[in-house]
Ligand SMILES: [Zn+2]
């Protein structure tokens, strides 16, 4: 695991603790082939309280510390929101839900003084 991947994990731990998430979080360093253009994404098994965060070491290594914290914060926010977005998936399409999630997450990033990833990066790399 690279130094920047470790930094990403540390930021995930910090924000997970701040939000009092009680999920066990596993990290896997290689995104699936169909998700190669993503830097990171999180999947939560609500029933088991187990989350997996996938990250691309190659992409993480290109980023600044501030960007890494922003991405870690975002993935933890996705985990925080998963129980409600899971329910919304019964009524709305997934793209619409993800768009709304990112609006909320970007407001939370601003309120915490974190950098905002551009919409292009967000839609291509940070879903
Ligand atoms: Zn996202």
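Please work out whether region 3-125 counts as rounded, prolate or oblate from its C-alpha gyration tensor, where a ≥ b ≥ c are the square roots of the eigenvalues and a/c under 1.5 means rounded, while otherwise a/b larger than b/c means prolate and anything else oblate? In terms of gyration-tensor shape, rounded.
Each helix, a run of at least 4 DSSP H residues, gives -39500 (n - 2.57); summed and divided by the residues of the chain, these come to -17500 deg cm²/dmol at 222 nm. Quote the FRET efficiency, to the nearest 0.05, computed for residue 46 versus residue 10 with a Förster distance R0 of 25 Å and r equal to the Cβ-Cβ distance. Rounded to the nearest 0.05, the efficiency is 0.50.
Modelled spin labels at residue 3 and residue 65, positioned 7 Å past Cα toward Cβ, are 1.1 nm from each other.
Residue exposure proxy: 19, 27, ordered by other Cβ atoms within 10 angstrom of their Cβ from fewest to most, comes out as 19, 27. Using a Gaussian network model of the chain in which every pair of alpha carbons under 10 angstrom is joined by a spring, one finds that among 62, 109, 30 the greatest mean-square fluctuation is at 62.
Since every read-out is calculated from the coordinates, none of them should be taken as a lab result. Nothing here was measured: the structure is a model prediction, and the numbers come from that model. Positions of Cβ are backbone-derived with ideal geometry, glycine not excepted, and every protein chain shown enters the neighbour counts.
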